[in-house]
Amino acid sequence: MSDNVLKAKIIRSHQRDFDCLIDETKEVVKATALGNLLKKGETLVVGDNVYLDTIAETGEFIIKEAMPRHNEIFRILVRTSKRKVTAANCDYLVILSSAARPRFKRGIIDRFLVRAFQWGVEPIVVFNKMDQYDPDEFDIQYEVLRLKELGVKYFEICALDKYYETQYLKGGMSEFREALKGKTALFVGQSGVGKSQTISCLSEGEVELKTKQVGKVGKGSHTTTWSEIVDLGDFYLIDSPGIRSFSLDDIDPDDLLELFPDLEEIARHCQFSNCNHEPENRGCAFYSEEYDPETEEGLMVHSRLESYQLIHSEISSTPFWQKKKKYR
Ligand code: GDP
Ligand code: ZN
């Protein structure tokens, strides 16, 4: 390598061309990759940290080397069982939920937690539209207890009002903003929960316009086929088509339990091999005194078990060509 090797991050990819953000100067340059970095089935993706070299004669930038990834955002291709990676080095999977309209759905949070564990990305759960929260609809304290048990961070916000004061939880918009500082995040959640609104609330002033555009792209429209990382001032947003889907169709049912690490731990003590952990299996670890559904701890474990069983039956019973978005 020549002397002027630069460290950079890929922030946009279009097949063989990449926009790279140079670490030191924060300049964005176009670069092409050496052929051996784009081997069959493997490629460079947004979020990859790379070394750039310049061709002395033309001043063009070339990606010489990619650094190892901390994690990968991917789906498994059903036909080949190979990973299709769309982004790398993501710090947070922000799972946005809405307290009302659309109504709160615990099942969707559990689904995205599966992805977070699968990808090795730390999840954050955000309760949005708390201005419309009705305690009779669902018990936020109970939901939070479940997340605490899993060591997941959570925040209470109203994306329409950045001065909204939390009423139920400790952390609100400012704590959420603080957590995101300098990080790279992927926002997921059902359509209508307020992803665009939240992103726009987090990114003020000049970046707001850009955000609006991102919001549109993120809605799964067909306007883009490339992935990008958008600088929103305080943090970076990963935007990529297709990675916001709820469907867990690509996961092998046999691998699902390890994506519920809390349940896997209990299942390890189950005396039956091949147990489906249903109540009629007397002696199953999930129905021991310790996890009696009459107790709070038991109730929590059983609500996770319920999510697990629902997803498990869904991904085992449907032939992949019939698989559709189904969720509660
Ligand atoms: P997305 O599909 O997840 O990107 O959702 P949007 O950001 O487009 O928001 C959907 C709708 O919910 C819009 O009409 C927003 O104005 C509204 N909305 C977003 N956040 C809040 C909130 O905190 N409270 C209320 N009442 N409405 C909100
Ligand atoms: Zn069992």
Answer residue from the range 148-174, given it is in a loop (DSSP other than H, G, I, E, B) and away from ligand 1 (no atom under 15 Å from the Cβ) and is nearest to the chain's Cα centre (by Cα) among those: VAL152
Verdict on GLU280 being open to solvent by 60 Å² or more (accessible area, probe 1.4 Å), at pLDDT below 90, closer than 23 Å to ARG146 by Cβ and not hydroxyl-bearing (Ser, Thr, Tyr): no
Criterion violated by ASP262 - all others in (1) open to solvent by 40 Å² or more (accessible area, probe 1.4 Å); (2) more than 23 Å from SER81 (Cβ to Cβ); (3) within 16 Å of ligand 1 (Cβ to nearest atom) satisfied: (3)
Residue, farthest from LEU147 (Cα to Cα), within the range 305-318, restricted to residues that are surrounded by fewer than 17 Cβ atoms within 10 Å (Cβ to Cβ) and not polar (S, T, N, Q): LEU310
Pairs with Cβ under 8 Å, 6+ apart, first in the range 267-293 and within 23 Å of SER316 (Cα to Cα), second aromatic (Phe, Trp, Tyr) and more than 16 Å from ligand 1 (Cβ to nearest atom): ALA267/PHE286; CYS270/PHE286; HIS277/PHE286; PRO279/TYR287; ASN281/PHE272; ASN281/TYR287; CYS284/PHE272; ALA285/TYR291
Residues satisfying the stated conditions in the range 253-277, i.e. in a loop (DSSP other than H, G, I, E, B) and under 22 Å from LEU150 (Cβ atoms): LEU256, PHE260, ARG268, HIS269, CYS270, HIS277
Selection count, the range 100-139, where residues are open to solvent by 60 Å² or more (accessible area, probe 1.4 Å), under 20 Å from LYS153 (Cα atoms) and not in a strand (DSSP E or B): 3
Residue within the range 175-183 that is part of a helix (DSSP H, G or I), within 21 Å of MET300 (Cβ to Cβ) and free of Cβ contacts under 8 Å to residues at least 12 places away in the same chain present: no
Residue match in the range 202-217 (condition: under 26 Å from LYS148 (Cα atoms), surrounded by 18 or more Cβ atoms within 10 Å (Cβ to Cβ), at pLDDT below 95 and not aromatic (Phe, Trp, Tyr)): yes
Complete set of residues in the range 287-304 that are under 15 Å from HIS269 (Cβ atoms) and of a type in the set (Ser, Thr, Tyr): TYR287, SER288, TYR291
Positions within the range 3-26 being open to solvent by 50 Å² or more (accessible area, probe 1.4 Å) and under 18 Å from THR58 (Cα atoms), in sequence order: ASP3, ASN4, LEU6, ASP17
Filtered residue count, the range 283-304, keeping only those that are open to solvent by 60 Å² or more (accessible area, probe 1.4 Å) and aliphatic (A, V, I, L, M): 1
Number of the condition not met by PHE74 [criteria: (1) open to solvent by 40 Å² or more (accessible area, probe 1.4 Å); (2) in a strand (DSSP E or B); (3) in contact (Cβ under 8 Å) with a residue 24 or more places away in the chain]: (1)
Residue match in the range 45-55 (condition: out of contact with any helix residue (DSSP H, G or I) (no Cβ under 7 Å at 6 or more places or on another chain) and open to solvent by 70 Å² or more (accessible area, probe 1.4 Å)): no
Breaking point among (1) modelled with pLDDT of 90 or more; (2) touching a Gly at 6+ places or on another chain (Cβ under 8 Å), for ASP292: (1)
Answer residue from the range 295-315, given it is more than 23 Å from the chain's Cα centre (by Cα) and in a helix (DSSP H, G or I) and is modelled with the highest pLDDT among those: HIS302
Search result, residues across the range 60-73 that are of a type in the set (A, V, I, L, M, F, W, C) and in contact with a helix residue (DSSP H, G or I) (Cβ under 7 Å, 6 or more places away or on another chain): ILE63, ALA66, ILE73
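The values are calculated or read from the model by the stated rules, or taken from the named source; none is laboratory data. The structure presented is a predicted model; accordingly, all values stated were derived computationally and were not measured. All Cβ positions, glycine included, derive from the backbone under ideal geometry; neighbour counts span all protein chains shown. Ligands, DNA and RNA are stripped out before the accessible areas are found, and what is left, the full protein with its side chains, is counted by its heavy atoms. Shrake-Rupley method; radii C 1.70, N 1.55, O 1.52, S 1.80 Å.
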